[in-house]
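The values are calculated or read from the model by the stated rules, or taken from the named source; none is laboratory data. Fair warning: this is a prediction, and the values are worked out from it, not measured in the lab. All Cβ positions, even for glycine, are placed from backbone atoms using ideal geometry, and neighbour counts span all protein chains on display.
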Amino acid sequence: MCFTSLTNRRFFHNEVLYQKARIAQPDKLAHLESKYDSLFSLKHAETLKLVQAIENRDDNAIAQYRMRVREMEQAEKALREEVRSLVAMAVPGAKTQDRDYIFLNFVLHYLPHGVVGPAAGRYVFGGHVIGRR
C-alpha cells in the first residue's frame, strides 16, 4: 500500500481526456465518481483500522483488515477500468493508459508553485523532454 492510495482521489490522471469524457458521458462518469468516493472513504477507514491493529500487534485484526483493504483495492481497480472504457468510448482513438500523467498531476497539484517551474523544466513525459534543461 502506498501513500498516494490514501491521499490521491483521482481515478483517471489524464485530465484532458477525462474532461472530454465528462462532456460525452456526464451521468455515467458522475455515477462512477460517486462510487469511487464512497470506496475511497471506506478504504481510508479500513486502512486506519489496519494501522491501529499493527500498532497493537493484533495479528488476527491485521489479517482481517489487510484482506479488506486488498478487496477494496481490487474494487478500485475495477472502477478505474470502467472509467478507461468510458473514456475510450467517448474519445475514440485516445490513449487511455494514464500512468504517464500521475507524476505530472502530482507536480501540478501538490508541489509549491516555486518548485513547479524547475521541476517541469526537466520533466520527461512519455520519453520526450518537455521544457528546457
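A few notes on this one:
- In segment 68-82, residue farthest from the chain's Cα centre (by Cα) [restricted to those that are closer than 15 Å to SER34 by Cα and of a type in the set (Asp, Glu)]: GLU82
- Residue among LEU50, LEU79 that is touching a residue at least 40 places away in the same chain (Cβ under 8 Å) and surrounded by 12 or more Cβ atoms within 10 Å (Cβ to Cβ): LEU79
- Of ARG57, ARG122, all but one fail to be over 21 Å from ASN14 (Cα atoms) and either at pLDDT 95 or above or more than 15 Å from the chain's Cα centre (by Cα) (or both); the exception is ARG57.
- Of the criteria (1) exposed (fewer than 12 other Cβ atoms within 10 Å of the Cβ); (2) within 16 Å of the chain's Cα centre (by Cα); (3) in a loop (DSSP other than H, G, I, E, B), which one SER41 fails: (3)
- All conditions but one from (1) modelled with pLDDT under 95; (2) farther than 23 Å from ALA88 by Cα; (3) in contact with a Lys or Arg (Cβ under 6 Å, 6 or more places away or on another chain) apply to PHE3; the one that does not is (3).
- Selection status of GLY93, farther than 29 Å from SER38 by Cα, out of contact with any Ser or Thr (no Cβ under 8 Å at 6 or more places or on another chain) and modelled with pLDDT of 65 or more: yes
- Residue match in segment 75-89 (condition: at pLDDT below 95, more than 26 Å from PRO26 (Cβ to Cβ) and touching a helix residue (DSSP H, G or I) at 6+ places or on another chain (Cβ under 9 Å)): no
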